[in-house]
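The values are calculated or read from the model by the stated rules, or taken from the named source; none is laboratory data. Worth saying up front: this structure is predicted, and the values here are computed from it rather than measured. Virtual Cβ from ideal backbone geometry, glycine too; neighbours counted across all protein chains shown. The accessibility values were calculated without ligands, DNA or RNA, using every heavy atom of the protein model including side chains. Shrake-Rupley method; radii C 1.70, N 1.55, O 1.52, S 1.80 Å.
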Amino acid sequence: MDCYERLASLGTARTAVAVCRECGVGLCSRHLHVEQHEMHLAAGLSKSTARLPARRVVCPACAKAERSR
């Protein structure tokens with residue numbers, strides 16, 4: 001799988017090292033965004049937040065869309 005962002009902007013191929021969690025496009029190391037994500041765990045009738053945040057990888061378009069909310 002090739003990096004979608006690199007193909008779209010530069011027209012050259014580069015092997016993808018990750019996949020966007022939201023839209024599923026392949027991403028090279030230059031175009032991926034690693035963000036922290038709080039994990040919520042079921043705890044009886046309520047929910048509990050995990051002590052450590054998880055990682056999630058998104059593409060530049062999805063990262064920009066999420067920040068625009």
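Data for the structure
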read-out	value
Signed unit charges on C-beta, dipole axis of the chain, positive-most listed residue 12, 62, 40	40
Whole-number accessible area per residue in Å² for the chain, which is evaluated in the context of all protein chains at 1.4 Å	76
Relative contact order for the chain, counting Cα pairs under 8 Å that sit 6 or more residues apart, in percent	27
Projected area, mean over directions - the chain, Cα convex hull, nm²	5.9
Burial ranking of peptide ranges 32-41, 46-55, 59-68 (average Cβ count within 10 Å, highest at the top)	59-68, 32-41, 46-55
Value of [θ]222 nm, deg cm²/dmol, for the chain, DSSP H segments ≥ 4, -39500 (n - 2.57) each, nearest 500	-5500 deg cm²/dmol
Exposure of residue 19 as accessible area (Å², to 10), given a probe of 1.4 Å and all protein chains	70
The chain - charge dipole about Cα centre, Lys and Arg +1 at Cβ, Asp and Glu -1, debye rounded to 20	140
